Amino acid sequence: MNLLNLFPSRCRLSLLGTGLALLVLAGTPSYAAPGAHGPNGEHLDAPAQAGAQSGTVPSFEARSEAFELVGRLQGGELSILINRFATNEPVLNATVEVETGNLKAPAKFHADMGDYAIDDANMLKALAAPGDHPMVVTVLAGNDSDLLDGNLKVAGAALDDHGHSHDDGHAHGPSRTVWLALALVVLAAVGWFFGRTPKAAGTSSKGGAL
């Protein structure tokens, strides 16, 4: 006697649906909802964002007695924020020039963002190459001027025009399509098994007894 046939058809369908849902969920990656918080109030998605940012946005820092700066290679440009070292006051409308290797380019000031940007194609192409890039930044602000040295480290594949690594985000496990295909196979097999009528099961049992 097939014990599964003791379940009403509606109950068997419910069991089948539950099993299928569990199978699909087992093959689907788990993500924290944006803004989700852990028990200590931390953002659950913060580590992933931080990891992605550190892996795809090369940056460098430099400081002197007069200034300090942070530069980021992203968005098709080298963006630099400059503050006064003593007061942390933003340095605005200064004359800024960046040098790396045998390349030199002036940085344009963005009044809306308060940063200085390098969009020179040759320099950006050179900086996109993996490796260490020594940076020399000349800052002339009012009566103050200084040279700041830093090192831009680019790890992994070269960046594209949008500041993204070409190999970023391409390491995947089995695709969702594969899991769904497996789920459909299981659905068909289990549906055939559950779809056997009690009469057919009884006939099979009698034939086996003979």
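Quick note: the coordinates plus some simple rules give every number you see, no bench work behind them. All values derive from a computational prediction rather than experimental measurement.
Structure data summary
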read-out	value
Extended-chain gain in nm, criterion 0.36 nm per residue less alpha-carbon gap, A66 and F85	6.3 nm
Potential extension, E97-D144 segment - 0.36 nm per residue separation minus Cα distance	15.5 nm
